[in-house]
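Notes follow the structure.
The values are calculated or read from the model by the stated rules, or taken from the named source; none is laboratory data. Model, not experiment: these values are computed from the prediction. Note that we place each Cβ from the backbone using ideal geometry, even for glycine, and neighbour counts take in every protein chain shown. Ligands, DNA and RNA are excluded from the accessible area calculation, which covers all protein heavy atoms including side chains. Shrake-Rupley method; radii C 1.70, N 1.55, O 1.52, S 1.80 Å.
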Amino acid sequence: MRKLLIAGNWKMNQGPEDTAQFFEALATSKPADISRIDAAVCPPFISLPEAKNGNAKLPDIAIGAQNVSSEENGAFTGEVSATMLKELNCDYAITGHSERREYFGETDAQICKKNLKALEHGLTPITCVGEVLDQRKSERHFKVVEEQLTGVMKGFSKEQAEKTVVAYEPVWAIGTGETATPDQAQEMHKFIREILGKMFGDQTAEKIRILYGGSMKPGNAAELIDQPDVDGGLIGGASLKSDSYSELLKIAQEKSG
Ligand code: 13P
């Protein structure tokens with residue numbers, strides 16, 4: 001059985017002070033028992049030391065970064081290495097988010113290198129795929145997602161694939177309030193699992209978690225994670241406040257009962 005993962009992507013929100021406050025508030029709002037699920041928040045790099053403090057008090061809330069360098073160390077101005085992230089207790093690194101692809105020109109090949117570097121250092125990549133609206137309207141969404149997925153996991157062993165989390169984030173649903181319907185999400189997640197099956201074998205594909213991302217919130221999370229191939233969420237806006245993040249944890253824990 002795949003364990004649900006509820007991961008918050010804070011994007012460029014919440015500096016160190018807000019992060020400390022988030023964890024303080026979370027200590028009271030978090031459901032007491034979230035043992036059946038995995039939970040993580042991914043603050044900006046600068047807030048990771050505060051998140052590390054928070055994680056020391058709330059060990060069931062793992063932490064992750066929103067990016068990771070594909071390089072080991074050295075003259076790469078502005079980059080942050082996997083080793084540095086491990087030093088701050090990170091378990092996860094988001095890679096290839098559509099905002100990184102769109103605004104910073106990241107390619108599937110670069111994202112693949114980041115994934116391999118993360119895995120080499122024991123970080124779990126949460127690697128993102130998803131089509132833009134035009135691609136869906138012209139019914140190219142399956143092809144686009146297949147290309148991205150095969151690109152960002154190119155050359156992976158089965159072991160590396162198993163340790164990777166895939167996030168399907170239809171770009172038209174990110175920050176727009178418009179969510180993929182549960183059927184649309186399931187249709188694509190099932191397709192992703194089929195591609196993973198072709199790449200790594202069905203047994204491995206069955207073990208890989210596929211998260212949904214795009215305007216997921218307490219009001220729609222239950223019906224999305226009810227879908228057989230939706231293994232949790234990568235949540236932007238609704239993960240910024242401890243109350244709604246806690247609500248998402250509660251829903252996932254109940255659904256895992
Ligand atoms: P929203 O939940 O704000 O739509 O963001 C989704 C997302 O991009 C998570 O990575």
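With point charges of +1 on the Cβ of Lys and Arg and -1 on the Cβ of Asp and Glu, referenced to the Cα centre of the chain, which listed residue (Gly257, Ala185, Cys128) lies farthest in the positive direction of the dipole?
Gly257
Classify the range 1-128 as rounded, prolate or oblate, taking a ≥ b ≥ c as the square roots of the eigenvalues of its Cα gyration tensor: rounded when a/c is under 1.5, otherwise prolate if a/b is larger than b/c and oblate if not.
It is prolate, given that a/c is not under 1.5 and a/b is the larger ratio.
Per residue of the range 197-214, in order, report the coupling 6.51 cos²θ - 1.76 cosθ + 1.60 (Karplus, θ = phi - 60°) as ³J(HN,Hα) in whole Hz, putting x for Gly and Pro.
x, 5, 6, 10, x, 5, 4, 5, 4, 5, 8, 7, 7, 10, 8, 9, x, x
Scan around Ala39 for amide H atoms under 5 Å from its own, H built in the peptide plane at 1.01 Å from N, and keep only partners 5 or more places away or cross-chain.
Ile6, Ala62
Quick one: which residues, 5+ away or cross-chain, put their amide H under 5 Å from the amide H of Ile235? H built at 1.01 Å from N.
Distant-sequence amide H within range of Ile235: Ala7, Gly8, Asn9.
Placing unit charges on C-beta atoms (Lys and Arg positive, Asp and Glu negative, everything else neutral), compute the dipole magnitude of the chain about its Cα centre in debye, rounded to 20.
On the way: 29 positive and 38 negative charges, 60 e Å.
Computed about the Cα centre, the dipole is about 300 debye.
Under 8 Å for C-alpha pairs, at least 6 residues apart: give me the relative contact order for the chain, rounded to a whole percent.
23
For the charge dipole of the chain, defined by +1 on Lys and Arg C-beta atoms and -1 on Asp and Glu C-beta atoms about the Cα centroid, which residue among Pro218, Gly64, Met199 has the Cα displaced farthest towards the positive pole?
Met199
Could you pull out the chymotrypsin sites (Phe, Trp or Tyr not before Pro) across the range 1-100 that fall in loop regions by DSSP (anything but H, G, I, E, B) with no more than 15 other Cβ atoms inside 10 Å?
On the way: sites: Trp10, Phe22, Phe23, Phe45, Phe76, Tyr92; in loops: Trp10, Phe76.
Here the chymotrypsin sites (Phe, Trp or Tyr not before Pro) that fit, given the DSSP loop and packing criteria, are Phe76.
Leaving out ligands and nucleic acids, note down the accessible area per residue over the chain with a 1.4 angstrom probe, in whole Å². Before the final figure, lay out each step's value.
Values: 11600 Å² over 257 residues.
Solvent-accessible surface per residue comes out at 45 Å².
Give a residue-ordered list of calculated ³J(HN,Hα) values for the range 146-156 (Karplus: 6.51 cos²θ - 1.76 cosθ + 1.60, θ = phi - 60°; whole Hz; x for Gly, Pro).
Result, ordered by residue: 4, 4, 4, 4, 5, x, 7, 10, 5, x, 5 Hz.
Taking θ = phi - 60°, what integer Hz values does the Karplus form 6.51 cos²θ - 1.76 cosθ + 1.60 yield along the range 58-67, in sequence order, with x for Gly and Pro?
Per residue, the Karplus-derived 3J(HN,Hα) values read 10, x, 7, 9, 6, 10, x, 9, 9, 6 Hz.
Per q in 0.12 Å⁻¹, report the Debye log10 I(q)/I(0) for the chain, using one uniform scatterer on each alpha carbon and no solvent.
Per q value, in the given order, log10 I(q)/I(0) is -0.64.
Rounded if a/c is under 1.5, else prolate if a/b beats b/c, else oblate: with a ≥ b ≥ c from the C-alpha gyration tensor eigenvalues square-rooted, which is the range 97-249? List each step's numbers first, then the result.
Numbers: a/c = 1.39, a/b = 1.31, b/c = 1.06.
Taking the square roots of the gyration eigenvalues as a ≥ b ≥ c, the range 97-249 is rounded.
How much accessible surface does Tyr103 have with a 1.4 Å probe, in Å² rounded to 10?
150
At a 1.4 Å probe, what is the % contribution of carbon and sulfur to the accessible area of the chain? Can you show the working numbers first?
Details: 5840 of 11600 Å².
Here it works out to 50 percent.
What GluC sites (Glu not before Pro) in the range 45-144 are in a loop by DSSP, with at most 16 other Cβ atoms within 10 Å of the Cβ?
Values: sites: Glu50, Glu71, Glu72, Glu79, Glu87, Glu99, Glu102, Glu106, Glu120, Glu131, Glu139; in loops: Glu71, Glu72, Glu79, Glu106, Glu131, Glu139.
Passing both the DSSP loop test and the Cβ count: Glu71, Glu72, Glu79, Glu139.
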